[in-house]
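The values are calculated or read from the model by the stated rules, or taken from the named source; none is laboratory data. Because the structure is a prediction, the values reported are computed rather than measured. Cβ placement follows ideal geometry from the backbone for every residue including glycine, while neighbour counts extend to all protein chains displayed.
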Amino acid sequence: MRRGIAAVIAFLALAAVSGFLLGQQRAAAQQHVDVEKKARLSEFMDRKLEDAQALLAGLARHDLEATAAAADRLGLVCVDLSWNVLQTDEYLERSTTFRRTIATLASAARDGKLERAQLAWLDLAGQCFSCHEYVRDRK
Ligand code: HEC
C-alpha cells in the first residue's frame, strides 16, 4: 500500500516537473520567435531608411535617374507584407498616401521635374514623422 502511494507521489512529481520544463521550453521558443520577428522588422525598416536616404541624395545632387530608382525601391518596400505592422484603417490609409507620394516623386523624377520631385520629397518626409507618431501613440 505504502509503495503504491510512493509510486503515485513519484509519478505526480515527475508529471509536475516535466510539465514545468515543457512550459519553459515553449516560453523560450516563443521568445525566440519574437526576437527573430523583431530583428526582421528592424532590418526591413532599415532598408526603408536606406532607400529614403538615397532619394534625398539623388535630389540633392540633381541626379534624377538615381532619384527615380530609389523611389522605385522604396515603393517596393511598402508592398512587402512586413509593412503591415498595424491592421487599422488609418494605418492602411497612411500607407496608401505614402505609396502615392512615392509614385508622384518617381514620375516627377522621370519627367525631369526636379522641383516637383523635391516638393514630393518634403511631403514624404513629413509622412515618415507623422506615421511614426501615430504608431507610437497606438502602442
Ligand atoms: C504608414 C506608416 C509609416 C510611414 C509613412 C513610415 N514609416 Fe517608418 N516605421 C513604421 C512602423 C510601423 C515602424 C515600426 C515601429 C516599431 O517597430 O515599433 C517603423 C519603423 C521605422 C524605422 C525603425 C525605427 C527603429 O526604432 O528602429 C525607421 C528607420 C523608419 N521607420 C524609417 C522611415 C522613413 C525614413 C520613412 C519615410 C521615408 C518612414 N519610416 C515612413 C511606419 C511607417
Exercise. Looking at Ala106, is it at pLDDT 95 or above, of a type in the set (A, V, I, L, M), assigned to a helix (DSSP H, G or I) and in contact with an Asp or Glu (Cβ under 8 Å, 6 or more places away or on another chain)?
Worked result: yes
Exercise. Does Asp34 satisfy the criteria of being among the acidic types (Asp, Glu) and either touching a residue at least 40 places away in the same chain (Cβ under 8 Å) or away from the ligand (no atom under 11 Å from the Cβ) (or both)?
Worked result: yes
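So if I check each of Gln87, Gln53, which one is closer than 29 Å to Asp137 by Cα, within 15 Å of the ligand (Cβ to nearest atom), assigned to a helix (DSSP H, G or I) and among the polar types (S, T, N, Q)?
Just one listed residue meets the conditions, Gln53.
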Exercise. Going by the conditions given, is Leu92 free of Cβ contacts under 8 Å to residues at least 40 places away in the same chain and within 10 Å of the ligand (Cβ to nearest atom)?
Worked result: yes
Exercise. Only one of (1) more than 10 Å from the ligand (Cβ to nearest atom); (2) among the polar types (S, T, N, Q); (3) exposed (fewer than 14 other Cβ atoms within 10 Å of the Cβ) fails for Ser42. Which number is that?
Worked result: (1)
For this session: Kindly indicate which of Ala60, Ala68 is small (Gly, Ala, Ser), more than 11 Å from the ligand (Cβ to nearest atom) and buried (at least 18 other Cβ atoms within 10 Å of the Cβ).
Result: Ala68
Exercise. Conditions: (1) near the ligand (Cβ under 10 Å from one of its atoms); (2) in contact with a helix residue (DSSP H, G or I) (Cβ under 7 Å, 6 or more places away or on another chain). Leu114 meets all but one. Number of the miss?
Worked result: (1)
